[in-house]
Amino acid sequence: MINNHNVRPKKFTSLKEFYPFYLSEHQNAVNRFLHFMGIALLCLCFIASMLFHNVYFFIMMPIFAFGLAWIGHQFFEKNKPSTLKYPFFNIACDFLLFGDVIMGRKSFKVK
């Protein structure tokens with residue numbers, strides 16, 4: 001019998017190493033779309049907060065980004081987001097996926 005309590009999860013040391021893991025945790029098209037929309041709304045809120053000098057747009061940034069992502073993981077991907085375990089790698093990969101979709105290197109649907 002294998003004791004899983006002694007198995008330590010891989011510790012990621014670079015974004016390049018983390019991104020394939022991130023993509024494996026985002027296989028569902030709706031989840032990817034929700035992440036994409038979360039980052040798009042985060043960017044729009046940032047721009048609006050600067051243009052209108054309104055802190056409420058700034059406050060809405062994490063609500064959109066994390067809220068939509070967590071909905072995607074809970075209801076569509078059916079896994080736990082690794083945001084709390086790898087917060088900086090995770091947000092960076094959200095932006096990488098956003099850029100990859102915009103540039104046509106990745107799509108919402110996994111082949």
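The values are calculated or read from the model by the stated rules, or taken from the named source; none is laboratory data. Just so it is clear, the structure is predicted and the values come from calculations on it, not from any experiment. Glycine gets a Cβ as well: all are built from the backbone with ideal geometry, and neighbour counts include every protein chain shown.
Some observations on this one:
- Flag if V55 is under 13 Å from N31 (Cβ atoms), among the β-branched types (V, I, T), surrounded by fewer than 16 Cβ atoms within 10 Å (Cβ to Cβ) and in contact with a helix residue (DSSP H, G or I) (Cβ under 8 Å, 6 or more places away or on another chain): no
- Residue list for the range 87-111, filter: in a loop (DSSP other than H, G, I, E, B) and either surrounded by 18 or more Cβ atoms within 10 Å (Cβ to Cβ) or in contact with a strand residue (DSSP E or B) (Cβ under 6 Å, 6 or more places away or on another chain) (or both): K106
- When L34 is tested against (1) modelled with pLDDT of 95 or more; (2) surrounded by fewer than 16 Cβ atoms within 10 Å (Cβ to Cβ), just one condition goes unmet, and that condition is (2).
- Among residues of the range 58-86 being out of contact with any Pro (no Cβ under 7 Å at 6 or more places or on another chain) and of a type in the set (G, A, S), the one that is surrounded by the most Cβ atoms within 10 Å (Cβ to Cβ) is G72.
- Checking I47, I63, I71 one by one, the residue that is assigned to a helix (DSSP H, G or I) and within 18 Å of G99 (Cβ to Cβ) is I47 and no other.
- Residue check, D100 in contact (Cβ under 8 Å) with a residue 12 or more places away in the chain and out of contact with any Asp or Glu (no Cβ under 9 Å at 6 or more places or on another chain): no
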